[in-house]
Amino acid sequence: MDLMKRNTRYLPSSWNNLRSLQKEINSLFDDDFFPASTGLFDRTYSPAVDVAENPSEYVVTCELPGLSESDLDVQVAENVLTIKGEKKDSSENQNDRWYKKESWFGSFQRTIPMPSGVDGEKIQAELESGILRVTLPKKEEAKTKQISVKVK
Amino acid sequence: MNENNTEKTFRRAPCDIRKEADKIVMRLEMPGVDKSGLDINVDGDMLRIVGRRALESEKSNCIVREIRPGDYSMEYSLDKTIDRDSIDAHLEKGILTLYLGISEAVKPRKIKVLSK
């Protein structure tokens with residue numbers, strides 16, 4: 001009978017194999033070869049959102065290629081901003097022969113909790129070349145103010 | 001993303017390709033790209049599409065960042081079926097649609113049978 005050396009300090013070597021497999025799979029998903037927002041575990045049916053802050057306002061940016069104003073519904077209730085809509089299928093004719101289809105279509109909804117200090121009355125939304133931009137101006141008291149210090 | 005990294009990254013846009021009666025229709029989703037940022041080139045058998053965009057949120061102080069930064073760049077090789085002279089492009093609402101005409105030589109032709 002062969003005796004196997006027991007390695008007490010490290011996990012058995014089969015774990016290392018699994019670990020390297022995990023690493024390889026992870027690196028597959030990091031690769032830019034896959035188009036964004038259509039991957040298997042990506043946010044399919046849910047558009048990507050950025051939220052940025054500057055001294056006077058918050059800006060919510062959302063990627064919505066191909067949508068027009070009538071497909072979109074932007075709502076503000078209490079402290080939640082909701083972006084709802086439907087991305088329509090681009091193919092009018094079902095008989096067309098497809099070589100490739102990577103884009104998604106369907107209805108989606110994103111809800112974003114708004115930070116405190118947003119002036120709900122002054123929220124504006126605009127849609128330009130497939131990008132929705134919602135500006136949430138801060139209330140006067142929430143704005144960061146610079147106070148100049150006078151040296152006497 | 002690394003703050004010091006000023007070089008922009010490129011990625012592929014989601015692409016749909018379908019065949020219509022006498023043309024191939026390509027539909028590329030490139031939100032944020034407008035006419036001035038778009039560059040389409042046909043060089044021999046190579047179709048190159050570059051879409052540059054300037055997203056405001058890429059530069060600013062982001063609380064949530066889901067949109068993958070970077071510009072779009074795709075390369076496709078064209079074969080004999082595509083008529084190089086009948087390529088049309090249309091950009092609307094962040095979607096680029098390319099109409100690639102199929103050359104006459106490969107279109108199916110009906111041959112009449114003449115009976116004597």
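Among residues belonging to the range A:11-58 that are in a loop (DSSP other than H, G, I, E, B) and at pLDDT 60 or above, point out the one that is farthest from B:Met74 (Cα to Cα).
Initially, the range A:11-58 is screened for residues in a loop (DSSP other than H, G, I, E, B), giving A:11-12, A:31-48, A:55-56.
Pick out the ones that are also at pLDDT 60 or above and you get A:12, A:45-48, A:55-56.
On the way: A:Pro12: 44, A:Tyr45: 23, A:Ser46: 24, A:Pro47: 21, A:Ala48: 21, A:Pro55: 37, A:Ser56: 38 Å.
Once the filter is applied, the top-ranked residue is A:Pro12.
So how many residues does the range A:73-84 have that are in contact (Cβ under 8 Å) with a residue 24 or more places away in the chain and either in a loop (DSSP other than H, G, I, E, B) or within 20 Å of B:Arg27 (Cβ to Cβ) (or both)?
At the first step, the residues of the range A:73-84 found to be in contact (Cβ under 8 Å) with a residue 24 or more places away in the chain are A:74, A:76, A:79-84.
Among the residues that remain, those that are also either in a loop (DSSP other than H, G, I, E, B) or within 20 Å of B:Arg27 (Cβ to Cβ) (or both) are: A:79.
Number satisfying all stated conditions: 1.
For the range A:119-144, which residues satisfy the criterion of being among the β-branched types (Val, Ile, Thr) and either surrounded by fewer than 18 Cβ atoms within 10 Å (Cβ to Cβ) or at pLDDT below 90 (or both)? Steps first, answer last, please.
Applying the first criterion (among the β-branched types (Val, Ile, Thr)) to the range A:119-144 yields A:123, A:131, A:134-135, A:144.
Scanning the range A:119-144 gives A:Thr135, A:Thr144.
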Candidates A:Ile147, A:Ile83, filtered to the one that is aliphatic (A, V, I, L, M) and surrounded by 18 or more Cβ atoms within 10 Å (Cβ to Cβ): A:Ile83
Of all residues making up the range B:82-95, the number that are closer than 15 Å to B:Lys23 by Cβ and either of a type in the set (S, T, N, Q) or in contact (Cβ under 8 Å) with a residue 40 or more places away in the chain (or both): 5
One residue is enough: does the range A:106-121 have a residue meeting the conditions without any contact (Cβ under 8 Å) to a residue 24 or more places away in the chain, of a type outside the set (A, V, I, L, M, F, W, C) and not in a strand (DSSP E or B)? yes
Does B:Asp79 fit the bill of being over 10 Å from the mean Cα position of the chain (by Cα), within 14 Å of another protein chain (Cβ to nearest Cβ), touching a residue at least 24 places away in the same chain (Cβ under 8 Å) and closer than 30 Å to A:Glu53 by Cβ? no
Selection from the range B:64-84 of residues that are under 14 Å from A:Glu63 (Cβ atoms) and not in a strand (DSSP E or B): B:Glu66, B:Ile67, B:Arg68, B:Pro69, B:Gly70
Checking B:Val50 against (1) exposed (fewer than 15 other Cβ atoms within 10 Å of the Cβ); (2) under 24 Å from B:Asp85 (Cα atoms), the condition it does not meet: (1)
If only one of B:Glu66, B:Glu104, B:Glu29 is within 7 Å of chain A (Cβ to nearest Cβ) and without any contact (Cβ under 8 Å) to a residue 24 or more places away in the chain, which one is it? B:Glu66
Quick one: in the range B:44-77, which of the residues that are among the charged types (D, E, K, R) and closer than 22 Å to B:Lys93 by Cβ is modelled with the lowest pLDDT? B:Glu58
Which members of the range B:32-63 meet the condition of being in a loop (DSSP other than H, G, I, E, B) and either within 9 Å of chain A (Cβ to nearest Cβ) or touching a residue at least 60 places away in the same chain (Cβ under 8 Å) (or both)? B:Gly32, B:Leu55, B:Ser60
What are the residues in the range B:77-99 that are out of contact with any Ser or Thr (no Cβ under 6 Å at 6 or more places or on another chain) and crowded, with 20+ Cβ neighbours inside 10 Å, if any? B:Ile82, B:Leu91, B:Ile95, B:Leu96, B:Leu98
Need pairs with beta-carbon distance below 9 Å; first residue more than 9 Å from chain B (Cβ to nearest Cβ) and within the range A:56-70, second hydrophobic (A, V, I, L, M, F, W, C) and part of a strand (DSSP E or B); sequence gap 6+ or separate chains. A:Glu57/A:Val118; A:Glu57/A:Leu136; A:Glu69/A:Leu127
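If we scan the range A:94-101, do we find a residue that is hydrophobic (A, V, I, L, M, F, W, C) and in a strand (DSSP E or B)?
First, pick out the residues of the range A:94-101 that are hydrophobic (A, V, I, L, M, F, W, C): A:98.
Checking which are in a strand (DSSP E or B) leaves us with A:98.
Yes: the range A:94-101 contains one or more residues that are hydrophobic (A, V, I, L, M, F, W, C) and in a strand (DSSP E or B).
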Set A:Ser68, A:Ser107, A:Ser103: member being out of contact with any strand residue (DSSP E or B) (no Cβ under 7 Å at 6 or more places or on another chain) and farther than 20 Å from B:Glu56 by Cα: A:Ser68
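The values are calculated or read from the model by the stated rules, or taken from the named source; none is laboratory data. This is a predicted model, so every value here is computed, not measured. Positions of Cβ are generated from backbone atoms using ideal geometry, with glycine treated the same way; all protein chains shown enter the neighbour counts.
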